[in-house]
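The values are calculated or read from the model by the stated rules, or taken from the named source; none is laboratory data. Fair warning: this is a prediction, and the values are worked out from it, not measured in the lab. Here the Cβ positions follow ideal geometry from the backbone for every residue, glycine too, while neighbour counts run over all protein chains shown. Heads up: the accessible areas ignore ligands, DNA and RNA and are worked out on the full protein's heavy atoms, side chains in. Shrake-Rupley method; radii C 1.70, N 1.55, O 1.52, S 1.80 Å.
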Amino acid sequence: MSTRHPTSAVDIHAHFVPTGYRDALAARGVTTPDGFPIPAWSADTHVATMDRLGIETSVLSLSSPGVVPFGSDALEW
């Protein structure tokens with residue numbers, strides 16, 4: 001049974017954690033930037049969660065700690 005939502009929502013505070021970003025942080029020893037492990041993330045799971053919660057649009061931003069640990073190092077995703 002699926003949940004039907006009478007209206008669509010816009011999530012303006014959603015974080016994403018690409019695998020390459022997560023791996024690059026771990027390579028620099030950053031594994032718990034906010035006291036919690038950096039979660040695995042996938043677009044498919046994110047969209048499935050949006051569908052389940054009736055969210056039509058998500059505005060994504062890079063999760064904590066952002067780009068600070070990389071300084072001027074170039075990253076290839």
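So here's what we get for this one:
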item	result
Qualifying residues in segment 38-68 (those that are of a type in the set (D, E, K, R) and assigned to a helix (DSSP H, G or I)) - the one nearest to R28 (Cα to Cα)	D44
Cβ pairs under 8 Å, 6+ apart, first in segment 53-67 and more than 23 Å from D34 (Cβ to Cβ), second part of a loop (DSSP other than H, G, I, E, B) and among the β-branched types (V, I, T)	G54/T3; G54/T7
In segment 7-25, the residues that are more than 13 Å from L62 (Cα to Cα) and assigned to a loop (DSSP other than H, G, I, E, B)	T7, S8
Every residue from segment 47-77 that is among the small types (G, A, S) and modelled with pLDDT under 90	S63, S64, G66, G71, S72, A74
Subset of segment 28-46 (residues that are modelled with pLDDT of 90 or more, more than 13 Å from S64 (Cα to Cα), out of contact with any Lys or Arg (no Cβ under 9 Å at 6 or more places or on another chain) and open to solvent by 70 Å² or more (accessible area, probe 1.4 Å))	D44, T45
Test for I12: is it surrounded by fewer than 11 Cβ atoms within 10 Å (Cβ to Cβ) and at pLDDT 85 or above	yes
